[in-house]
Amino acid sequence: MTQWLTTYRAAVPDYGLAQLCGCGYWKSVFGSCVPDPELDRQFRIPSAHAFFLCGEEGNGKRTLACALASDLAAAGYWFARVPGEDLTAQTEKETAGRVSALLGEIPEAVGAGTAGVCVLIDDFQLLLKEKKVVRALEQGLEQLMNRQVPSVILGVAESREDYPARLEKLMLPCLIRLPDEKERREYLEQAMEGVLPHEHGLSYKKMAEMTEGFNYDRLDKLTGLAAMLLKQRMKFLFGNDREQMMNARQNELVFITEEMFQQMVDHLSAGIRQPEMPQNLLPSAGAVPVNGGQPATSAGMGMGWSGADRGAAGLNETSSSLETELGQGRGMMDLMDDMDLDAL
């Protein structure tokens, strides 16, 4: 194996395209890149592919790219993840040389136990500012496609601003937009599967409506914040009595009210800019992995969501002031102001 591919070989995540919420259109497109000799032959699917994934930060571009890489790795592909800044040099000529070297290694890497090569280039926009570098990209991609080398090249950037039209014939632009209401509901429902019954508390539909404009990163922080608040609420109600805590969880006596949920949404919404996405670039969607009913990222793990009527046994033994404090979320904003939400 050669220098760039060896140096930047990366581990793939434990989720693939099938585990992603949302992103139905792009999952279908990218899923066709995973080799299937019989179907590929029937439909004349090429072996070499290149995609440019762009969209606002937190929409799921890299999650989607890594999910595809995971499926390709299961089919015997080598995976390398290269930071765009590592490909850039002091001179345009040297940067172009690095790009040519990276893409040039791919054909000789295929074979001898390697079915193909997948390369993810982060901060791809760094390679789009100079003509010689763009030309090196064109030449490298053309060689892979003309020779039909089993390969998938994924460039990822937050903006399409500097993407040259001349690359579009080689790298398909893929706009990854904010999740719509259906996709947010799918994420919340899968993340809380088996924990938040439909007939109690806030419905998934209502939560999806309340999180309009959230990307997957914000949704993940929201689930993490909710879990932290529920943990504190459980400790406040039952102290260190683990038996009562377990009973409360099993009998769905601990819940988050709509007002508390709205306060969390408002807190996380502060400072969010709502980008105007061109509608003519649809269909597209963001993605987020969910494994076994739980988000694959750490912030949403171990959800403690459950629902109950206000008069359920366990809560009705508390004083009215305590019930008001817990049910209406009074003082919760003080707690959230002390939290480092970016660390969730």
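No value in this document is a laboratory result; all are computed from the given coordinates. Just so it is clear, the structure is predicted and the values come from calculations on it, not from any experiment. Positions of Cβ are backbone-derived with ideal geometry, glycine not excepted, and every protein chain shown enters the neighbour counts.
Ratio of Rg to Rh for segment 1-96, alpha carbon only, Kirkwood?
Using only Cα positions, Rg/Rh for segment 1-96 is 1.01.
Cys174's amide H: which non-local residues (gap 5+, or another chain) put their own amide H closer than 5 Å, with H modeled 1.01 Å from N in plane and none for Pro or chain starts?
Residues meeting the criterion, in which the H sits 1.01 Å from N, are Phe52, Leu53, Cys54.
Kirkwood Rh, segment 3-175, all Cα pairs: how many Å? All intermediate terms of the calculation are to be shown ahead of the outcome.
Numbers: mean 1/r = 0.0619 Å⁻¹.
Result for segment 3-175 stands at 16.1 Å.
Whole-Hz Karplus ³J(HN,Hα) for segment 101-113, in order, using 6.51 cos²θ - 1.76 cosθ + 1.60 and θ = phi - 60°, x for Gly and Pro?
Once θ is set to phi - 60°, the couplings for segment 101-113 become 5, 4, 5, x, 6, 5, x, 6, 7, 6, x, 6, x Hz.
Taking amide H positions as placed 1.01 Å from N in the peptide plane, with prolines and chain starts having none, which residues 5 or more places from Cys21, or on another chain, fall under 5 Å of its amide H?
Val288, Val290
Taking amide H positions as placed in the peptide plane 1.01 Å from N, state which residues far from Val117 in sequence (5 or more) or on other chains have amide H under 5 Å from it.
Trp78, Ser151, Val152
Would you calculate the separation in nanometres between label points at Ala89 and Gln139, each defined as 7 Å from the Cα along the Cα-to-beta-carbon direction?
Using points 7 Å along Cα→Cβ, the separation is 1.3 nm.
Would you mind working out the magnitude of the charge dipole of segment 3-175 relative to its Cα centre, with +1 at each Lys and Arg C-beta and -1 at each Asp and Glu C-beta, to the nearest 20 Debye? Intermediate values should be presented prior to the final figure.
Numbers: 17 positive and 22 negative charges, 79 e Å.
Here the size comes out at about 380 debye.
Got a sec to turn the phi values of segment 155-169 into Karplus ³J(HN,Hα) couplings, 6.51 cos²θ - 1.76 cosθ + 1.60 with θ = phi - 60°, whole Hz, x for Gly and Pro?
x, 10, 8, 7, 9, 9, 3, 9, 6, x, 4, 5, 7, 4, 6
Short version: ³J(HN,Hα) in whole Hz for each residue of segment 45-59, in order, from phi by Karplus 6.51 cos²θ - 1.76 cosθ + 1.60 (θ = phi - 60°), x for Gly and Pro, what are they?
Those phi angles translate into 6, x, 8, 9, 9, 8, 9, 10, 9, 9, x, 4, 4, x, 7 Hz.
Cross-link list Lys27/Lys131; Lys93/Lys131; Lys61/Lys231; Lys132/Lys169: which exceed 21 angstrom alpha carbon to alpha carbon?
Lys27/Lys131; Lys61/Lys231
Report relative contact order for segment 3-175 in percent, whole number only (criteria: Cα-Cα under 8 Å, sequence separation at least 6). Please list the in-between numbers first.
Numbers: 274 pairs, mean separation 56.3, N = 173.
It comes to 33 percent, rounded to a whole number.
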